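Take a look at the structure below.
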Amino acid sequence: MKKLDIPQENNSTLNGQRKVMYGTNESGDFQRVNYASSVEEFATITAVEEYKELEKECLEEIANNISSPIKYFMYKNRMDLPTLTSVVGMFSFRVKRHLQMKYFKKLNDKILQKYADAFAIEIDELKDFKI
């Protein structure tokens, strides 16, 4: 990409910082160029809003005894199932079960501690989750 083609727009999600991209200058040599993109800003804001909506839906499911607090904290920390699975070091089918309240209630402290560590919270925040 040529240096002139690299976007130089504002991106409020970067808090005034810029990312680096490599582009070619007039003589064809590669050079680092700071950039920001409004398209990237839109995608980030949309993703954050989606996770906030998933958090709200999850709170309703917890109130109805369907979903577990693990699912809420997964969304609060902007994780998806594959990310959470890799952080806690379990198979996805196990983690998926733990997202359901009926299985969550049966979890021991050792497993709950893995989730607490993944979310950087105390284990009691999972056990005594209040809506």
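Quick check: pseudo-label points 7 Å beyond the Cα along Cα→Cβ at Lys127 and Lys56, how many nm apart are they?
Once both label points are built, they end up 3.3 nm from each other.
Any idea what the relative contact order of the chain is, in percent, if you count C-alpha pairs under 8 Å spaced at least 6 apart?
Reported relative contact order: 17 percent.
Can you give the angle from 0 to 90° between the axis of helix 109-119 and the longest principal axis of the chain, with both taken from C-alpha atoms, to the nearest 10?
20 degrees
How much length is gained if the chain between Phe42 and Lys96 is pulled fully straight, taking 0.36 nm per residue apart and subtracting their Cα-Cα distance, in nm to one decimal?
Gain on stretching Phe42 to Lys96: 16.5 nm.
Taking loop as defined by DSSP and a crowding limit of 12 other beta carbons within 10 Å, which chymotrypsin sites (Phe, Trp or Tyr not before Pro) in region 26-131 fit?
Filter output for region 26-131: Phe91.
For the chain, set up a GNM with springs between Cα atoms under 10 Å and report which of Gln31, Gln100, Gln113 has the largest fluctuation.
Gln31
Using the reciprocal of the averaged 1/r over all distinct C-alpha pairs, how large is the Kirkwood radius of region 65-127 in Å?
Here the Kirkwood hydrodynamic radius works out to 11.3 Å.
Report the one residue of Gly89, Phe30, Cys58 whose Cα lies farthest in the direction of the positive end of the charge dipole of region 19-131 (charges on C-beta: Lys and Arg +1, Asp and Glu -1; origin at the Cα centre).
After comparing all options, I get Gly89.
Can you compute the helix-only [θ] at 222 nm over the chain? Use -39500 (n - 2.57) per DSSP H run of at least 4 residues, normalise by all residues, nearest 500 deg cm²/dmol.
The per-residue figure over the chain is -15500 deg cm²/dmol.
Compute the semi-axes of the equivalent ellipsoid of the chain, taking the square root of 5 times each eigenvalue of the Cα gyration tensor, and list them largest first in whole Å.
Value: 41, 16, 12 Å, ordered largest first.
Read-outs throughout are calculated quantities, based only on the coordinates presented, and are distinct from any laboratory measurement. Predicted, not measured: the structure shown is a model, and the values here were computed from it. Neighbour counts are summed over all protein chains in view; Cβ atoms, including those assigned to glycine, are modelled from backbone coordinates with ideal geometry.
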